[in-house]
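For reference, the structure is listed below as structure tokens.
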Amino acid sequence: MSIACEFDYRKPKTLSKAIRLLAKRGRQARVLAGGTDLVGWLRDALVAPDLLVDIKGFDDLKGIGVKNRALVIGALATFSDVLESDLVAEKLPLFREMAGMVASNGVRNRATLVGNICSAVPCCDAGPVLQVYNAVVHVRGPNGKRKIPIGQWFLGPRKTALRPGELATSVAVPFPGKKHAGCFVKLKRYRGEDLAQASVAVLILAGREYRLAFGAVAPIAVRGPRTEALLKGKALSPDLLEEAGRLAVEEVVPITDIRSTKEYRALMVEVMVRRGLKTAASRLAGKGPAYGINVMEEDAP
Amino acid sequence: MTAMKFVGQSATRIDELAKVTGAAQFVDDLDFGPNLLYAEVVESPHAHALIKRIDASRAKKVPGVVRVVTGKDFPYTFGLYMQDRFIFARDRVRFVGEQVAAVVARDPVTARRAARLVKVTYEPLPHVLDLKEALGEDALLVHPDLKNYSHCPWFFPVADTNIAHWRKTRKGDVEQGFREADMVFEDTYTVPRYAHCAIEPHVIVGQYDLAGRLTLWSSSQSPYTQRHVFAEALAPLGLKHQDIRVITPFVGGGFGGKAGVSMEIIAAALALAVKGSPVKVRWTREQEFYNTYQRQGVIARIKMGVKKDGAITAIEHTLHWDAGAYVEYGANVVNAVGLSATGPYRVPNVKIDSVCVYTNLPPGGPYRGFGYSEFHFGLESHMNRVAKMIEMDPVEFRRRNAIREGDTLPYGAHMNPCGLVEAIDKAAAEIAWGKKEESTSPHKAIGKGFACFWKAPAMPPNAASAAFLKFNEDGSLNISVSGMEIGQGFLTVMAQIAAEVLTVPPGRIRVETPDTDRNAYEWQTVGSHVTWGCGNAVKAAAEEVRDKMLQVVHRVHGFAKEDLYFEDEHVKCRSKPDFALPFKDFVISGIQTPHGNFLGGPILGSGMFMPEFTSATGDPETSQGGHPNVHYTVGAAGIVLEVDRETGKMRVLKAVLAVDVGQAINPDLVRSQIVGGLVQGLATALYEDIRYSLEGKLLNPNFTDYKIPTALDIPDKIVPIIIEVAQPDGPFGARGVGEHTMIAAAALVANALEDAVGLRIKSLPLTAEKVALELRGIRYDDVKGSTMGLCFMGDPQQYAFFTKNSK
Amino acid sequence: MKKINLILNGESRTAAVAPHEVLLDVLREKLGVKSPKVGCERGDCGACTILLDGKPVCSCLILAVEVDGQEITTLEGVGRNGPTPLQQSFIRHNAFQCGFCAPGIVLAATALLEKNPQPSAHEAQEALSGNLCRCTGYEAIIESVVEAGREGGGKKKSRKGQ
Ligand code: FES
Ligand code: FES
């Protein structure tokens, strides 16, 4: 099925030109990076922009690097880049675990992580992981640069704090500064590519600090502050795991849709939290399992 | 029989090179030049409504629009077995997605934009999606005119109801059978609708040239049947069979979805409307879900009587099918089940009622398995449960009742030779039946499941096949048939059959896809019958060719024909061992005599096949007296299933399927059918189902939410087992196997699930979600919300199978 | 209309495209390569897979204007001098049935072997999990890829056949 709406396409030479274009056309303009969501929306006539601004020419938005003790993921870094980055594998392997579960290879080679949070669908995989690391989205607009903490980024399904005319240039993930380990748990209907029915990101930092975030069980990716508080400073006993799982369910507001009933989502959040915490703790203790498994499918070897 | 050289060998597919290089062309790959027009179809947004007005004036004004066509332009009906459909809806739409009009334009974007400008005014009517309502008193009638529709003689519609067909089979006396039983058990099973999901969407190009020739390039399993349906539907316009030509290049998967005629009729009509220019209709993935055929949903009640020693005394099987808005093909699915819903067992007393019900959902139709997968889910679940109640091993119970050659079938004819017991034994041994396995994981359990299956091709008694064969100068062969290569390896198998007769290796035989002007007749490639039917025709053609060749050699050299034989593409002679005449030396140019003249000439042959022993003349009240089915293919299957008690997730550790194919013409291709079919079947068990809103809209018409298994979603191990009890009337003893491989799958999972975690689920699919919920005592049906996943919204136990209308 | 230049299967080609035209359609209708297939048009099935600068991508999710100046390989560009060892392995295993998914799968597997010359079965499954096949149940496809790797079909040097 062809795209039936007409629009202009520009690929400006400089970032400031792109910003000017976006500012001038406001809501009529759309940023085009990987395009894996946008092209689908154009086809389904969910959006009808006048102008697409292709930002793929900007080298400074490419790649993944380290700056100010944070991992910086450029707006053009694809999920494949994340998956294959030695830097990510070494510093923040949780991102790798998450990226490996996003869509399929053919989509990951195009889809960008920053684009994923700009689309901001409730089942967005990057959201929970960015949440547990307190990531910050870097934005440029006609009035200069802004930094938006991830906690303030998602406003609702497909709604972000990005204003018309602005462009998300990167997301910075501060290194926690102490020993840490995590686990990304994704509930899907298939072992192969699928959108999340629910997802949980778990991060444990040395000193028994726990962070949890959830995807697809609320309008946006959310943290679990009460569960985090419950866990804080404690060692993970079987009883505590049970309790954390139960409490986590109270922190989310799952709905019933085509992918799952809210009842299943709630039940699975409990299981996911338990398994995620256990796996992260084991990783923190240096006992594995290696990143890259989905504990909803695979038993830790 | 002497050892065979080509039949029974795992030859490489003759079309594989074309497929791995991208050389294989599908309809959408053909070029029609800059004059090609594109159609966009305007569809009904309502499940049931009257069409009050269609205003196409704005659409017609869009530059690039060539024609806008509506039901007024083609007031003709069509249908394979029941003529209940208009080419475009006329005054009434009966399902969401039904074609109401079409815009033909110079390019697809223009067509799409203009289609949005066609203004259709509807008067929405109440709709009926639920079987209970459709069969209720004062039910809203989907087809008030049903009694006036023409249909095949073996359909029995009930006027002024939504019952489009009712197949009744009665054998013995079921009431007596239940009285004789030591135990009688009944329960209800439900199966939702499914989609075929061939990766190639339906696409067809039609061209009506200025000389009055209508040519269609169609992605179809049924070129001749399409031509016939087009000719019948378009007869009022003066079109005859000779004016219509259907060409079918490679087809990107069919599974029944490309059998018969569904959206293809639109292209035939549009071609007439834009005489002179080719016009393409290509379905989007969404239309693919909405408006081709779907596998019908069914609710089934099974009552089984059994003696303590395990003998089944009676089966009463009542099935109500949600056939959708049009049943022109789907009613025959219902019919097929109505004849065979005992499964592969000897049952003295049988009562089957298979009822085809109109609803305001998209049309049902053929789907790999043709109704058998649906009823086997209930029946084979029931078999396990009954065995448990009489404390008999379920495999032993099946073995005890397994049908054997010569047994009387539900409709009175007799069972063909079959290796069911052998299949049961081998499949059971392969999964180490009876040996409990423990998972290494504390939250997982392992269970084993077992099920048998059978299926016969559902075809009219005169579903015939034919073949042409001709030699080329180098001694290579062309076979021209109209069976369709839909992936199953048909072309290769036909080559192997001819090869066996003529000793020409399959690699030197070209078998091309059909063109109704050039290739010999074939009814349709459905029902797993072409290896058998068309194979017989090819064998007959090869034998005719052989006789002609021997005749030429005999005439020139004077050898007795009985002494002549073929070896490695040579004619040899037993009485003269040094005689060896290469085929290529004479199959075109003949043989030179001592006088210098030539005898013989280009060798070609033809063969035909008709299942002459079949008939559809059974009594409408009992089905006794006819011989509606040619033969059954039987088999047995087992799986080892690991279930995660916390998440409900299931993993098939091993799947085994033993099937009696009579003779595997190409064992490797039989194994491909087993692996592919099992994975497709397991998908219907574990993952897939079509969901509707209460307004009749599909909720998952895409691969995002109606996903099919990926390369990661397959069993850890699949073991195909080939059983060969020859089919006497099959080519070299072969019978069909394509559909059978998915029939057992759903019951396998259901039975293994019960074995693993003690849960008996009686409605498909058996998703992880459903399992996890039910393991915690939450009934999925209570929480699933207002999605219409099944043909009956209430509690299946409360479903009344016999209301006034259906009794 | 905008003119785009690209290297298609090793040859420099140009096309005039409107911004809303999708790469898959342009490849098929304007550049005449028909191996990328239209399956779902939303990134779910992989039938439209092409290699863009060597990486498999879904061409149904890319606008043609985006690939100006890039290199594209379709199945037409593979095995020009006879089937590659990977293609031969597919043939030996009778790996495909209807073959509609084959162009996407052959390309995705070709890219996999470039990156990982001896993939395990699981790695092959993972790499191909975006390419849906309704016919085969994947088993023979996976075996073909693993065997091609084992026999050196995935080694870089064997690519000269292309
Ligand atoms: S057509 Fe592109 S992924 Fe299906
Ligand atoms: S071979 Fe038919 S879809 Fe893969």
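The values are calculated or read from the model by the stated rules, or taken from the named source; none is laboratory data. Keep in mind that what you see is a predicted model, and the values were worked out from it rather than measured. Don't worry about glycine lacking a Cβ; one is built from the backbone with ideal geometry, like all the others, and counts go over all protein chains shown. Surface accessibility is based on the protein's heavy atoms, side chains included, excluding ligands, DNA and RNA. Shrake-Rupley method; radii C 1.70, N 1.55, O 1.52, S 1.80 Å.
A few points about this structure:
- Residues (among the charged types (D, E, K, R), in contact with a helix residue (DSSP H, G or I) (Cβ under 9 Å, 6 or more places away or on another chain) and within 30 Å of C:Glu147 (Cα to Cα)) located in region C:54-87: C:Lys55, C:Glu76, C:Arg80
- Listing of helices (runs of 4 or more DSSP H) fully contained in region A:202-301 that carry 1 or more residues being open to solvent by less than 20 Å² (accessible area, probe 1.4 Å) and within 20 Å of A:Arg191 (Cα to Cα): A:262-284
- Test result for B:Thr516, under 17 Å from B:Gly489 (Cβ atoms) and polar (S, T, N, Q): no
- Among the residues making up region C:89-115, those that are open to solvent by 10 Å² or more (accessible area, probe 1.4 Å) and either more than 16 Å from the chain's Cα centre (by Cα) or hydroxyl-bearing (Ser, Thr, Tyr) (or both) are C:Ile91, C:Arg92, C:His93, C:Gln97, C:Thr110.
- All told, A:Arg108 falls short of being surrounded by fewer than 21 Cβ atoms within 10 Å (Cβ to Cβ) and either free of Cβ contacts under 8 Å to residues at least 40 places away in the same chain or more than 16 Å from ligand 1 (Cβ to nearest atom) (or both).
- Number of the condition not met by B:Arg671 [criteria: (1) open to solvent by less than 10 Å² (accessible area, probe 1.4 Å); (2) facing another protein chain (nearest Cβ under 10 Å); (3) not in a loop (DSSP other than H, G, I, E, B)]: (1)
- The set of residues in region B:696-723 that are under 30 Å from B:Val395 (Cα atoms), out of contact with any Asp or Glu (no Cβ under 7 Å at 6 or more places or on another chain) and away from chain A (no Cβ under 14 Å) comprises B:Lys717, B:Pro720, B:Ile722.
- Note on region B:41-59: residues that are touching a residue at least 40 places away in the same chain (Cβ under 8 Å) and loosely packed, with under 15 Cβ neighbours inside 10 Å amount to 5.
- Check on B:Leu17, open to solvent by 10 Å² or more (accessible area, probe 1.4 Å), within 14 Å of chain C (Cβ to nearest Cβ), within 16 Å of ligand 2 (Cβ to nearest atom) and not β-branched (Val, Ile, Thr): yes
- Residue match in region A:128-140 (condition: outside any helix (DSSP H, G or I), surrounded by fewer than 24 Cβ atoms within 10 Å (Cβ to Cβ) and in contact with an Asp or Glu (Cβ under 8 Å, 6 or more places away or on another chain)): yes
- Here B:Ser575 fulfils each of the conditions (1) loosely packed, with under 14 Cβ neighbours inside 10 Å; (2) small (Gly, Ala, Ser); (3) under 26 Å from B:Gly730 (Cα atoms) apart from (3).
- Residues that are touching a Lys or Arg at 6+ places or on another chain (Cβ under 6 Å) and within 8 Å of chain B (Cβ to nearest Cβ) within region C:31-59 comprise C:Lys34, C:Cys40, C:Ala47, listed in sequence order.
- Scanning region B:414-425 for residues that are under 9 Å from B:Ile723 (Cα atoms) and charged (D, E, K, R) turns up just one, B:Glu422.
- Residue satisfying condition, being open to solvent by less than 10 Å² (accessible area, probe 1.4 Å), away from ligand 1 (no atom under 16 Å from the Cβ) and part of a loop (DSSP other than H, G, I, E, B), within set B:Gly635, B:Gly662, B:Gly677, B:Gly681: B:Gly662
- Tally of residues being crowded, with 24+ Cβ neighbours inside 10 Å and within 19 Å of B:Thr188 (Cα to Cα) across region B:313-338: 11
- Boolean, A:Gly177 is out of contact with any strand residue (DSSP E or B) (no Cβ under 7 Å at 6 or more places or on another chain), more than 14 Å from chain B (Cβ to nearest Cβ), surrounded by fewer than 24 Cβ atoms within 10 Å (Cβ to Cβ) and in contact (Cβ under 8 Å) with a residue 40 or more places away in the chain: yes
- Residues in region C:116-134 that are within 25 Å of B:Gln488 (Cβ to Cβ), open to solvent by less than 10 Å² (accessible area, probe 1.4 Å) and away from ligand 1 (no atom under 16 Å from the Cβ): C:Ala124 only.
- The number of residues in region B:187-204 being within 14 Å of chain C (Cβ to nearest Cβ) and either touching a Pro at 6+ places or on another chain (Cβ under 7 Å) or assigned to a loop (DSSP other than H, G, I, E, B) (or both) comes to 8.
- Selection within region A:25-49 - basic (Lys, Arg) and open to solvent by 50 Å² or more (accessible area, probe 1.4 Å): A:Arg25, A:Arg27, A:Arg30
- Residues that are small (Gly, Ala, Ser) and within 14 Å of chain B (Cβ to nearest Cβ) were ranked within region C:60-78; the one that is nearest to C:Leu6 (Cα to Cα) is C:Ala64.
- Taking (1) more than 16 Å from the chain's Cα centre (by Cα); (2) buried (at least 19 other Cβ atoms within 10 Å of the Cβ); (3) more than 16 Å from ligand 2 (Cβ to nearest atom) in turn, B:Glu186 satisfies each apart from (2).
- Restricting region C:43-73 to residues that are of a type in the set (S, T, N, Q) and within 13 Å of ligand 1 (Cβ to nearest atom), the residue that is nearest to A:Ile55 (Cα to Cα): C:Ser59
- Taken over region B:484-515, the criterion of being of a type in the set (Val, Ile, Thr), open to solvent by 10 Å² or more (accessible area, probe 1.4 Å) and in a loop (DSSP other than H, G, I, E, B) is satisfied by B:Ile486, B:Thr503, B:Thr513.
- Only residues that are over 18 Å from B:Ser150 (Cα atoms), within 23 Å of the chain's Cα centre (by Cα) and not aliphatic (A, V, I, L, M) were counted across region B:229-261, and they come to 10.
- The single condition among (1) surrounded by fewer than 19 Cβ atoms within 10 Å (Cβ to Cβ); (2) away from ligand 2 (no atom under 16 Å from the Cβ) that B:Gln25 does not satisfy is (2).
- Residues that are under 18 Å from C:Arg134 (Cβ atoms) and either open to solvent by 10 Å² or more (accessible area, probe 1.4 Å) or under 24 Å from the mean Cα position of the chain (by Cα) (or both) do not occur anywhere in region B:263-275.
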